[in-house]
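As C-alpha cells, the structure follows; a few thoughts come after it.
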Amino acid sequence: MQQGGTVDNKLLDGMDLESKTASVEEYFLMVSAGLGGSTQHMVSATITALSRLLYEFKYDLSDQVVNDLISTMEIFLTSKSREIARSAIGFFKVAVVSLPKRTLESRLANVVPNLMVWSHEAKGHFRVKVKGLMDRMVRKFGYETVLRYTPEEDHKLVNNIRKTRERKRRGKAKLSDDDEQEEETLKVIILLEVFSDNFLDY
C-alpha cells in the first residue's frame, strides 16, 4: 500500500474530475482537508476517519506524517467543542494501541494535561473515556511515566488506576498484557467505540 492506488473522484457527488493515482500519504492529506470544515460535524467526522486510516495504514506512513498527525490532534484535544474533543480522544485511543511506544512517549507532556481537562467534564461520559485511555497509557508507558506528566490535582485518578491493576494482578496468576488475542479484541472494541460515538447522532 506504500505505493498508493487510484482515487476515483467521480464516485463523489458533484465531482467531475478524472481519477488520479495517489500514495497513502497523499490520501491522508486529502482526507485531512476535512479538518478545515465549516461545521463541528465535519471536523469530528474527519478526525474519526483519520483514526480509522491510522489504524489501517500505520505501517505505511513515515514518522514525519505520523508526528504531524499527532501534533494536529493535540490541538483538537483542546477544542471547546465537546464533539470535536470526543473524536480527538478517540484518535488517541487508537494511537496508543496502534503506534510504537517511542512514537507517543515524547508527546505525553502535551497530551496528558490536555486530556485530563476532560476528566472533569460531567457530560458525554468524558470521565469514563478519559479513565479508559489513561489506563491504556499506564499499561503502555508505566505508572511513573504517566504520573510525571499528570497535573498534581489529578494524581488521584492515576493512583486509582494503579491500585485497580494491582488488585487484578493479585486475583490472577498472570495479567495477560501481552496476550495477542486480548490485544486484537481490544483494538476492535476501541474502534467500534470511536465510530459509534461519532456517528450514532448523525
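When N is the residue count of the range 39-125, what does its C-alpha Rg come to as a fraction of 2.2 N^0.38 Å?
1.04
Of the listed pairs K80/K168; K58/K168; K80/K163; K80/K156; K101/K129, which have alpha-carbon separations greater than 29 Å here?
Violating the 29 Å Cα-Cα cut-off are K80/K168; K58/K168; K80/K163.
Going through the range 19-98, which trypsin sites (Lys or Arg not before Pro) have at most 10 other Cβ atoms within 10 Å and a DSSP loop state?
Passing sites in the range 19-98 are K80.
Rule-based calculations on the coordinates, nothing more; no lab input. Fair warning: this is a prediction, and the values are worked out from it, not measured in the lab. Cβ atoms come from the backbone with ideal geometry, glycine included; neighbour counts cover every protein chain shown.
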